[in-house]
Amino acid sequence: MNTLRFANPEYLYALILIPIFILIYWITQRYVNKSLNDFASVTLQKVLVPFRSGVKTLMKFLVVLSAFSLTVVALANPQIGSKIEEVKQVGIDVFITLDLSLSMTAEDIKPSRLEKAKFEISKLIRRLRGDRIGLIVFSGEAYIQFPLTTDYAAANLFLNAVDVNTVPQAGTAIGPAIKLAIDSFKEDEETKKAIVVITDGEDHEGDLESIVGEAVDKDIAIYAIGLGSREGEPIPVFDARGNRVGYKKDRTGQTVLTKLDEATLQIITEQGNGKYYRGTNTEDELDKIYTDLAKIEKTEFGATRITEYEDRFYYFLAPAILLLLLELFIKDKKSKLFSRFLKHES
């Protein structure tokens, strides 16, 4: 049985505007009719504006409204699940630990350290085929944003919700984040496991040496991506509307600079049998890590039913375009044939 879903369901909220448009049209037409009636009698109106057609005005409005509705549905991209098959799940387990401390809003990596990291994670999620991915976010504390999963669509939704306000505690708890990832792997499954730490590494907290040692004992590789500059970058401050209003300052009024701590991250990855990458504006470091991980022998950990979906947006976009073209040919005035018909009837 075919199943229906929308690839971009958030666009459907625009359909709420339809009753608003109808109300605006009704109020506008009522005002126009009242103004005409105040200006001239019905008989005089037939002389002054003989070809004015309320029916055609309504037709044009309904055509445009229908085109708008169809366009909204097309943007939501309806998809039909035409094929369901059961496939073996073979892959590796990867936990990404993402730093959400305020320093990650620095803009030495464009558009910011955090946004670059989210962009790379989103690209990786779209590339995954069978590997399980989980996300742990941290600043002063560490939390699981989503556990290991192959539901990549849900993973992207949870990733998009992440910002520096997700974890209220200040700090950079790299150690607790790695520890949480270690504890969140399923030890009874013999999958290959890896942790990817994405951070600027500054002011890190936790007993890193013993935590990294635990990961090594459990055959978990640790990779890291360092985001930021060694020279330091000011931390932007934003107002409630998201506009930058200045930079963070210390108690003496001096601008605070956040610097990349590469030494710590290099030690973590060397001891953790992984590799360190320095983040840049142009390269996709997470993609390089995934290429390394893809070389690991993968393990079968179950089976799942996968539905293949096909886009059907063009079923709605094509009629919307045709209706807009039709609207161009509908004139507000009465046609001569329609006027003659009215005269004949009278």
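Beta carbons closer than 7 Å, at least 6 apart along the sequence or on distinct chains, pair a first residue in the stretch 322-337 that is within 10 Å of Lys60 (Cβ to Cβ) with a second that is aliphatic (A, V, I, L, M) and modelled with pLDDT of 85 or more for Leu326/Val63; Glu327/Val63; Glu327/Val64; Ile330/Met59; Ile330/Val63.
Please give the helices (runs of 4 or more DSSP H) falling wholly within the stretch 87-202 in which 1 or more residues are within 23 Å of Ala240 (Cα to Cα). Walk me through how you get there before you give the answer.
On the way: elements: 113-127, 152-160, 174-184.
Because the criterion is at least 1 residues that are within 23 Å of Ala240 (Cα to Cα), the helices (runs of 4 or more DSSP H) in the stretch 87-202 that meet it are 113-127, 152-160.
Filter the stretch 169-195 for residues that are among the small types (Gly, Ala, Ser) and farther than 18 Å from Gln271 by Cα; which is surrounded by the most Cβ atoms within 10 Å (Cβ to Cβ)?
Looking only at the stretch 169-195, we keep the residues that are among the small types (Gly, Ala, Ser), and these are 170-171, 173, 175, 177, 181, 184, 194.
In the following step, the residues that additionally are farther than 18 Å from Gln271 by Cα were identified as 170-171, 173, 184.
Working: Ala170: 11, Gly171: 17, Ala173: 24, Ser184: 15.
Among those that are among the small types (Gly, Ala, Ser) and farther than 18 Å from Gln271 by Cα, it is Ala173.
Note on the stretch 102-151: among residues that are more than 19 Å from the chain's Cα centre (by Cα), more than 22 Å from Lys192 (Cβ to Cβ) and acidic (Asp, Glu), the one that is surrounded by the most Cβ atoms within 10 Å (Cβ to Cβ) is Asp108.
Considering the stretch 214-318, the qualifying strands (runs of 3 or more DSSP E), each wholly inside and each with 1 or more residues that are modelled with pLDDT of 90 or more and over 24 Å from Phe119 (Cα atoms), run over 220-226.
The values are calculated or read from the model by the stated rules, or taken from the named source; none is laboratory data. Source: prediction; values computed, not measured. Reconstructed Cβ throughout: ideal geometry from the backbone, glycine too, with neighbour counts over all protein chains shown.
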